Every structure is written in C-alpha cells, then in structure tokens.
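Some notes on the structure that comes next.
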Protein chains: 2
Amino acid sequence: MKPDEKTLQKRFKRFQSATQQAGIKRTHQRLEIFRVVASSSEHPSAEAVYREVKQKMPTVSLDTVYRTLWTFTELGLLNTLGPRQEKVRFDANTERHHHFVCVSCRFVHDIERDVLQDVKIPKSVQNWGAVIHTHVELRGICMNCQRKQEKSVKSHSRLSPTPPKRKKGLNNE
Amino acid sequence: MKPDEKTLQKRFKRFQSATQQAGIKRTHQRLEIFRVVASSSEHPSAEAVYREVKQKMPTVSLDTVYRTLWTFTELGLLNTLGPRQEKVRFDANTERHHHFVCVSCRFVHDIERDVLQDVKIPKSVQNWGAVIHTHVELRGICMNCQRKQEKSVKSHSRLSPTPPKRKKGLNNE
DNA sequence: CTTTTTGCAAACAATTTGCAAAAAA
DNA sequence: TTTTTTGCAAATTGTTTGCAAAAAG
C-alpha cells in the first residue's frame, strides 16, 4: 500500500523547499534516497534503502545513505522509529503498563495501566492483524529537563541550533 | 522512587519459583544481578546493571550480565524496552500517527491519528513532566503471520519452544 | 563427578567518522 | 576555486559467542 501520487507530490514539494531553505545541495544521490523513502510505506531501514538505491546507482555507499537519511530527518522530512543510539533496557515490572518518556534525557517512568483509559481498537485495524495489547508512550519533557531548559533559556536565550550528536555519557539509564 | 519493600519481596518470590521451576542455578551473580534490576525503577541498561553489580562483585563480566538479563527475560521475570535486534527505520509520513506492530515479523503499519481516540492525560502524569504528544503502539500478529501460524500449528502442532535467537535476514523492513 | 555457569577474548551487526577525492555552486 | 558532498576504510558502540576454567549440585 504505497503512498498515492498526491501524497508523493506533496512530499517532494516539501523536499524542495526544505532543502532549499537549508541551503543543501540536491545531489543525485539525495534525490534518489528521498525518492525511495518517500515512495515507501514500509518504514525501511537504512540498509533496505541502500539496497534499493543501489539498483539505480550502483556506486552509492551505505554511509552516504545513513548520512543522508539523518540529514533529512533533521530537516523534518523524515521521522524515525526504533532505536537511535539506544540500548536495551530492563524492567522488573512485568505488569503491563505504559510509559512516560522524556525526549530530552530518555528518562522513563512507568504508568500503571489503570491510570490511562483503555484505547478502543477500531475495526479498521483488524485488517492489519489481531491486536494483542496496547502500549501508550507519552512523550514529553521531564521535570528535571524543564528546569535545565529554563535556566539555559535565561542565560543563552537560544534553542539548541543543531540536533544532538551522539553524546558521551550523561544519559539517564 | 524505588519499588517498595512489598513489591520487592514479591519479585524475589517470583525469582525463587521461576528459577526453581526452570531448574537453573541461583548463583551469586544471578542473585546480585536480579537484586539490582528488581530494586530499580530506572529501567537500567545492561551496562548500568553491570556498573552497579561490579561494586559488590568486582569480577563479574559484562557478558554474564547480558546473558543473565536475557535469561531472566525469558523466564518472564523481566521485560525489555528499547531496541532488541532492531535497526532504525525511516518514515516519510511526518504527520503524527500511531502504529500497529506485528510482534512476530516486525511489520509496521501507520494508523492515522484520527482513527484512534485521543488518550486523556491524567493530572498525575504532570508530576513527571509535560506531555508533548502521545504515541500509541498496537501490538499484535499481522495477517500474514496469522496465516503462517495456522499452517505450522496444523503441521507441527507445537508452539516454538525456545525464544527466538538472533535471526539472519527474513525480517520485514 | 557431571552439568551448568562464568570470564575472557574475539566476533559481530549496526552505525559513525576522518579524510582525500569528486562534484556542485 | 571555494565549499559541499561523496566513497572508502577504519573506528565505535552495543551486544553476542566459543571455549576452557571454575563453581554448583
């Protein structure tokens, strides 16, 4: 179930303006890489994109695909799912529960199941499969990070200009 | 906010019976590793567990911690969050949306936001931070895998006895 | 003793980085 | 020609594995 023509055109329009605004070059490979992701609804991994791009451009390298995908993500043209620089984390709470996740420091807090209302599963979802359970992730900024941000806004009065590179240490675990 | 004494005791009781039933030995390091995870609510990574266990047992090795944590997970004593053997995946759908995820083959299907009811955020969550948005993950078995399972049940009439080891290829991407 | 578990070191998979060459502007 | 982007190869991170020695029953 690929995105329809209309959606695709919209995506390319965004691609044009975003790249223009950011002042980055629309190279052969960037175009091609974007085309592959934009015309898929399978949430491909970097490798999967790579494999497909290679058909048309046998000389691309995997690391260009990675770099490019992250560039697009930073431009807001793509979103990611799955791990970024995350490690597996273990939880002795084996009751089904939901999570509050701080997008800034990765702090995770368990939310007991009965604190959130149950999400009703619409019939349309049944087309895709049988739902076994529902996990809600509330994403936000934890108290700690809120405080830090207030301070840094006061002193620097500037939001972080570049997305965070891989950091050494410092993360909640 | 560590688990209270009561919860802790319950967890250790489960530890006792689960290990006994599985016939695995309650070694010094297993005890210690379990103690660390069970008495934390910070969803520690393997490394974080390792660091803490090392305080009391300077000779443990990181790989024992990993092995042990997975053993506990297989016994149902722990749950994991975050990546397991997953790769990052990219999505050109930048509208906020939810997901249906097949727990068997990792197939992911987007669910438009207005198909699911909005989850009401209870005030109690505000103690942990400011919620920016909500992501619902419906986990289940996709149509494809359902069909496969039917077949394999007919022919083998046996559920997979061991949890899946790292597989080469074969995953939806 | 026999079987399980450990620690070590080496292997691995996914991803990132440094750098010189190639391609834009 | 100056700046950006690429491809390559090497590095890094998180995690897993083979194996001989050590510990448990």
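The numbers here are math on the coordinates, done by the rules we state, and not lab data. What you are looking at is a predicted structure, and each value in this text was computed from that prediction instead of being measured. Here the Cβ positions follow ideal geometry from the backbone for every residue, glycine too, while neighbour counts run over all protein chains shown.
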Using Cα atoms only, what is the angle between the long axis of helix B:143-156 and the major principal axis of chain B, expressed in degrees (0 to 90) to the nearest 10? 60
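Tell me what chain A gives for mean residue ellipticity at 222 nm when only DSSP H runs of n ≥ 4 count, each as -39,500 (n - 2.57), the sum divided by the residue total, rounded to 500 deg cm²/dmol.
Values: 5 runs with 67 residues, N = 173.
Helices in chain A give a 222 nm mean residue ellipticity of -12500 deg cm²/dmol.
Taking the Cα centre of the protein assembly as shown as origin, work out the dipole magnitude from +1 charges on Lys and Arg Cβ and -1 charges on Asp and Glu Cβ, in debye rounded to 20.
Details: 64 positive and 36 negative charges, 154 e Å.
Roughly 740 debye for the protein assembly as shown.
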Output, in nm with one decimal and in ascending order, the distances from the B:Glu42 label point to the matching label points of the other copies (7 Å from Cα along Cα-to-Cβ). 4.1
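Please arrange A:Val65, A:Val119 by how many other C-beta atoms lie within 10 Å of their C-beta, fewest to most. Write down the numbers at each step before the final one.
On the way: A:Val65 26, A:Val119 18.
With the sparsest Cβ surroundings first, the list reads A:Val119, A:Val65.
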Modelling each spin label as a point 7 Å along the Cα-to-Cβ direction, I'd like the B:Lys148/A:Arg51 distance in nm, to one decimal. 1.4
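Quick one: work out the % antiparallel among DSSP beta bridges in segment B:96-154, nearest 5.
Working: 5 of 9 bridges.
That works out to approximately 55 percent antiparallel.
Under a Cβ-only charge scheme (Lys and Arg +1, Asp and Glu -1), can you give me the dipole magnitude of segment B:1-94 about the Cα centre, in debye to the nearest 20? List each step's numbers first, then the result.
Working: 17 positive and 10 negative charges, 77 e Å.
Approximately 380 debye in magnitude.
Among DSSP beta bridges whose residues both lie in the protein assembly as shown, state the antiparallel percentage, nearest 5.
Working: 31 of 39 bridges.
About 80 percent, rounded to the nearest 5.
Set the Förster distance to 41 Å, then compute FRET efficiency between A:Gln117 and B:Arg26 from the Cβ-Cβ distance, nearest 0.05.
The pair A:Gln117/B:Arg26 has a calculated efficiency of 0.50.
What does the charge count around B:Asn93 come to, taking other residues whose C-beta lies under 10 Å from its C-beta (Lys +1, Arg +1, Asp -1, Glu -1)? Present the calculation step by step, with values, prior to reporting the outcome.
Values: positive: A:Arg11, B:Arg96; negative: B:Asp91, B:Glu95, B:Asp110, B:Glu112.
That sum, taken over residues with Cβ under 10 Å, equals -2.
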Top of B:His98, B:His28, B:His43 by mean-square fluctuation, Gaussian network on chain B, Cα under 10 Å: B:His28
Subset of B:Lys25/B:Lys151; A:Lys87/B:Lys54; A:Lys148/B:Lys13; A:Lys120/B:Lys6; A:Lys10/A:Lys87; A:Lys10/A:Lys54 violating a 31 Å alpha-carbon distance limit: B:Lys25/B:Lys151; A:Lys148/B:Lys13; A:Lys120/B:Lys6; A:Lys10/A:Lys87
Which distances, shortest first and in nm, link B:Gln126 to the matching position in the other copies, using label points set 7 Å out along Cα to C-beta? 3.9
Cα lying deepest toward the dipole's positive end in chain B, options B:Ile24, B:Phe12, B:Ser45, charges on Cβ: B:Ile24
Give the nm distances, rounded to one decimal, from B:Gly76 to the matching residue in every other copy, measuring between label points 7 Å along Cα toward the beta carbon; shortest first. 4.7
Beta carbon of chain A nearest to the axis of the rotation taking A to B, residue and angstrom distance: A:Pro83, 2
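Just flag the GluC sites (Glu not before Pro) in segment A:72-121 sitting in loop per DSSP whose Cβ has no more than 12 other Cβ atoms within 10 Å. Intermediate values should be presented prior to the final figure.
On the way: sites: A:Glu74, A:Glu86, A:Glu95, A:Glu112; in loops: A:Glu86, A:Glu95.
Listed in order of number, the matching sites are A:Glu95.
Note down the magnitude of the dipole of segment B:76-134 about its Cα centre, charges +1 on Lys and Arg C-beta and -1 on Asp and Glu C-beta and zero elsewhere, to the nearest 20 debye. It would help to have the intermediate numbers written out before the result.
Details: 8 positive and 7 negative charges, 57 e Å.
So the dipole magnitude of segment B:76-134 works out to roughly 280 debye.
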